[in-house]
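Remarks on the structure that follows.
The values are calculated or read from the model by the stated rules, or taken from the named source; none is laboratory data. Quantities reported herein were computed from a predicted structural model and do not represent experimental measurements. Cβ sites come from the backbone with ideal geometry, for glycine too, and all protein chains shown count toward neighbours.
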Amino acid sequence: MTSTAYWKSVFVERLGYQDNPFAPLQASAIISLCETVGYCWRERIWSPALTVMTFLYQVLSATRTCRSAVAMTLSRWALEGGKGSLPSADTSAYCQARKRLPLEVLKGLMGNTARQLMEVIREQRDLWWGRRIWLVDGSTLSMPDTLELQSVYPQSPRQGKGCGFPLMRIVGLFDWASGALVDVQSDSLYGHERHLFRRVWGHMQSGDIVVGDRGFSGYNDVAQLLARGIDSVFRIHQRRKIDYCKGRQLSHWDHVVPWHRLKQYKENCGIPRDEWETLPQSLEIREIRIHVDIPGFRTRQIDLGTTLLDPRPYPGEKIAGLYRQRWMIELNFRSLKTEMNLEILRGKTVDVVRKELLMHVVAYNLIRYLMWLAAREHGRDLHRLSFTGTLQRVQIMWVLFIAVALSQQEQALRKFLEWIAKDTVPDRPERQEPRRLKRRGKEYSFLMKPRSQYKARKGNMDFDAR
């Protein structure tokens, strides 16, 4: 019979050694989070700490299957040796433990991993003109086509019934200095990004600057953030009329003009009436036009709006350079969705897909922390290290840490950080590539009707869907 106490003691010992860079995932930290949210569990093989670590294996593995995650955990135990037989390789127990794990525990893990990374970055004072920068943007994720998911995250209305997949809209708040994903909020496709953006304001403090695209440039949001002492830099919405002949001129294509609140309250403005009435009647906004003369860039001119009104500490070219840093969030989302395979979630229930999203964020922040460790130890620029290369090495690292003895893991970690530090990406600020696909897809027609209608045509599964 399996000795539950033995396997748990071995796991806690391995997870909690002092030089482990994954401090937020130590068993004691996970248990503390469970106690904070009031979660009680029975003594069993799949404890909260083991469930979280196996979940981490799953989102980091190339296949992302429960089978591979359980196999990795059992392989670790088998190589460590010990008393009793191994737990069952059946994935049902792990899946049940994952369902029992409260969502708040994973939210706490996400916050702890981001906080750990941001605190060490703050020690180096990696700020923009002495101020902390936040990057915000939105994206969408797809998931399996189940009735439960369709009821909460409906598919795009442009697709016929039974021909699309449920879609989740997310908004992420990234720390510019470290690349940490501090918070992520989700809703259905019909929820606007501005409403999700307001849920992450609690992470910002007076003196911070938030950078976003035109979707976050509404008057209400800018005014409320300014009242908290938070400045904004954003692209001006295409519907707003801009006349650089008006207002207080600062330089060519740079002036300060008043923006006015709506004359009447509207229900779709996103905030309650009492909050809307507290907004000022007008705000001074600095508008800056950037002319892009780089061959290959789609946009030839960009109009920015900001509450940084003084041109002496914040000249126009510096603000333009700061907005260009917003492109980092596009690269961060690409790392999450493409390299970490977050673009298509695998869970089939609402609870599981939400946990899967949070666990991907935890894994993303841990990879960023490893990159920071490598940059610090070997004197590299953090923003020049390869996220994809680090991810691929992390996927192999689990096997490496299984194979070596406990006394050798510190040496293995130092070598691992050395490999990460050597994998740098080239500095190509003006790189241009055509937004075209070279490799052709398979010549199959699209699903234009529910699958059941295709199956009803016996002997002809490939009839014309039109």
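Which one of Val182, Val171 is touching a residue at least 40 places away in the same chain (Cβ under 8 Å) and not in a helix (DSSP H, G or I)?
Val182
Based on what the data block shows, is Gly247 surrounded by fewer than 18 Cβ atoms within 10 Å (Cβ to Cβ) and under 11 Å from Ile285 (Cα atoms)?
When the stated conditions are applied, Gly247 passes them.
State yes or no: is Phe234 among the aromatic types (Phe, Trp, Tyr), within 30 Å of Leu103 (Cα to Cα) and crowded, with 16+ Cβ neighbours inside 10 Å?
So Phe234 does not fit the description; no.
Among the residues of the stretch 134-155, is any hydroxyl-bearing (Ser, Thr, Tyr) and assigned to a loop (DSSP other than H, G, I, E, B)?
yes
Suppose we filter the stretch 126-154 for residues that are within 24 Å of Arg354 (Cβ to Cβ) and free of Cβ contacts under 8 Å to residues at least 24 places away in the same chain; how many remain?
4
Taking the criterion of being out of contact with any helix residue (DSSP H, G or I) (no Cβ under 9 Å at 6 or more places or on another chain), hydrophobic (A, V, I, L, M, F, W, C) and closer than 30 Å to Glu284 by Cα, would at least one residue in the stretch 191-203 satisfy it?
For the stretch 191-203, residues out of contact with any helix residue (DSSP H, G or I) (no Cβ under 9 Å at 6 or more places or on another chain), hydrophobic (A, V, I, L, M, F, W, C) and closer than 30 Å to Glu284 by Cα: present.
Can you say whether Gly207 is part of a loop (DSSP other than H, G, I, E, B) and within 30 Å of Met371 (Cβ to Cβ), as far as the supplied structure shows?
yes
I need a count of the residues in the stretch 48-80 that are in a helix (DSSP H, G or I), surrounded by 15 or more Cβ atoms within 10 Å (Cβ to Cβ) and either on the phi > 0 side of the Ramachandran plot or modelled with pLDDT under 80 (or both).
The qualifying residues number 4.
So which residues in the stretch 343-371 are over 18 Å from Leu101 (Cβ atoms) and outside any helix (DSSP H, G or I), if there are any at all?
Across the stretch 343-371, the qualifying residues are Glu343, Ile344.
Taking interchain pairs and intrachain pairs at least six residues apart, which have beta carbon atoms under 8 angstrom, with the first residue in the stretch 302-325 and over 18 Å from Ala223 (Cα atoms) and the second assigned to a loop (DSSP other than H, G, I, E, B) and not β-branched (Val, Ile, Thr)?
Within 8 Å, the pairs are Pro313/Trp129; Tyr314/Trp129; Tyr314/Leu308; Gly316/Trp253; Lys318/Trp129; Ile319/Leu308; Gln325/Trp176.
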